Amino acid sequence: MKSTIRFLMLLLWSGLAGTVALAAQAADIVVGTSVALSGKYARTGQEQLQGFQMWVEEVNARGGLLGRKVALKYYDDESKPETGAKLYEKLITDDKVDLLIGPYSSDVTMAASTVAEKHNFPMVSSGASASEIWERGYKNTFGLYTLAELYMDQILEYGKSKGLKKIALVYENTSFPRGVASGVRSKAKALGMQVVYDEEYGKASTDFTSTIVKIKAKKPDMIIGGSYLPDSTAFVRQAKENRLYAKIFAFAVGPGLPDFGKNLGLDAEGVMGNTQWEPTLKLPGAKEFSDKYKAKYGHEPGYHAGGGYGAGYVLEEAVKKAGSTDRNKVREALFALDSVNAFGRFKVDKTGKQIGKPAYAVQWLNGERHIVFPVDAATAKVVYPFKDWAKR
């Protein structure tokens, strides 16, 4: 009889312990996001996720948020806007997450932000820069990145200072590259430069031979691409094969990633591009983050990893400022926030668009990626002009 009672008490205690454990788990502050783990943006999406995960580890090591542990709930959006929209609906309505971080790419963010707006749920956009995201009258999307339209300004200004006049512009037909192209046209006009070739290409494009032939006929001084990693890499390879020359080659996204130099080797030399962040920037915690990331993942972080990490810190600051995960209070805190973390300054306007963070230009030199603009952040001087393929 006594053994039976002890057995029943043990069962009761086990049940209570399990209930307590579940309650503790339910008390976690859950941050929801989608990430590109497959499809076109998988490489950059993976880095962004690793940035998120490092922030989660660190915030929990500091005791969590509001005295509660933080958990990250994420799904693979396959680099597709329609998938991203479904996943954010699931995160909000089924998973009932407490906080939201946006996905990678402007197109997927456009879709995700529409869902967040429908539910009046503030979302920190960790990997998007197309200005059209913030031109729809929404009040729940808070940008982290410098706008796409500003990406090429410093490179164009440098080209102008060297007397360059003619620009060939190619770009992918998705939101972010279109933003880059729009910015190039506006800046070129303001500088008195001429866009002599202007063409968009499909999202899956990797064959640029016919485009390169047409560009050669225009004899541009500068070639600028609104691109991602796969297409910018393919374009440079084919530019070499077809002996396309210009005094400046510059592409969005691709040259800002370690993979660009790894994939192209010596052919990356002299190519310019953009970055949202570099480990060399004198920002609080930037070097420490870079060192820890490299130790953990075996390579230096690109700016997408920095963006994931920085987005977590922005969300953390907003929750602390709000003293709650209440959506209205977090939204108010994000609008009011003006702070600097390892990724840079966060300050938005009344639409949620980022206005506090500068843009940076990079160039591949001696197998390494260097900031060349602005000068006060530069780790090397620009090497100009781009060295002719035939003379390499």
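Using a simple spin-label model with pseudo-atoms 7 Å out from Cα toward Cβ, GLU132 and ASP94 lie 2.9 nm apart. The alpha carbon gyration tensor of the range 151-223 gives principal lengths a ≥ b ≥ c with a/c of 1.5 or higher and a/b no greater than b/c, which makes the shape oblate. Matching the structure-derived Rg/Rh (Cα atoms, Kirkwood Rh) against the labelled list (i) 0.96; (ii) 1.11; (iii) 1.06 gives the label (iii). Where only DSSP H runs of four or more residues are counted, the chain gives -14000 deg cm²/dmol as its mean residue ellipticity at 222 nm, each run worth -39500 (n - 2.57). Report the FRET efficiency, 1/(1 + (r/R0)^6), for GLN194 and ALA27, where r is their Cβ-Cβ distance and R0 is 45 Å, rounded to 0.05. That gives a FRET efficiency of 0.15. With contacts taken as Cα pairs under 8 Å at a separation of at least 6 residues, the chain carries a relative contact order of 16 percent. Diagonalising the gyration tensor over the Cα atoms of the range 197-337 and scaling each eigenvalue by 5 before taking the square root yields semi-axes of 38, 19, 12 Å, largest first.
Could you work out how much longer the chain between ARG185 and ALA377 gets when fully extended? Use 0.36 nm per residue separation minus the Cα distance between them, nm to one decimal. Could you put the intermediate results ahead of the total?
On the way: separation 192, 0.36 × 192 = 69.12 nm, distance 2.61 nm.
So the chain would gain 66.5 nm between ARG185 and ALA377.
For the pair LYS214 and LYS287 in one chain, pulling the backbone fully straight at 0.36 nm per residue adds 21.9 nm over the alpha carbon distance.
Counting only DSSP beta bridges with both residues in the chain, tell me the antiparallel percent, nearest 5. Taking every DSSP beta bridge within the chain, about 30 percent pair in antiparallel fashion.
In percent, rounded to a whole number, the relative contact order of the range 191-245 is 46, using alpha-carbon pairs under 8 Å and six or more apart.
Excluding THR174 itself, calculate the net charge of residues whose Cβ lies under 12 Å from the Cβ of THR174, where each Lys or Arg counts +1 and each Asp or Glu counts -1. All intermediate terms of the calculation are to be shown ahead of the outcome.
Details: positive: LYS40, LYS80, ARG178, LYS203; negative: ASP107, GLU132, GLU172, GLU200, ASP231.
For residues surrounding THR174, the net value is -1.
Restricting to Cα pairs below 8 Å that are 6+ residues apart, what does the relative contact order work out to for the range 34-80? Please round to a whole percent. Averaging sequence separation for qualifying contacts and normalising by length gives 59 percent for the range 34-80.
Spin-label model, LEU266 to SER38: label points 7 Å out along the Cα-to-beta-carbon direction sit 3.9 nm apart. The modelled label-to-label distance for the pair SER161/GLU82, using points 7 Å beyond Cα in the direction of Cβ, is 4.8 nm. Here the calculated FRET efficiency for SER324 and ASN173, from their Cβ-Cβ distance with R0 = 35 Å, stands at 0.25, rounded to the nearest 0.05. Counting neighbouring Cβ atoms within 10 Å and putting the fewest first, the residues LEU87, LEU315, LEU49 line up as LEU49, LEU87, LEU315.
No lab work stands behind these numbers, since they all come straight from the coordinates. Since the structure is predicted, the reported quantities are computational estimates derived from the model, not experimental observations. All Cβ positions, even for glycine, are placed from backbone atoms using ideal geometry, and neighbour counts span all protein chains on display.
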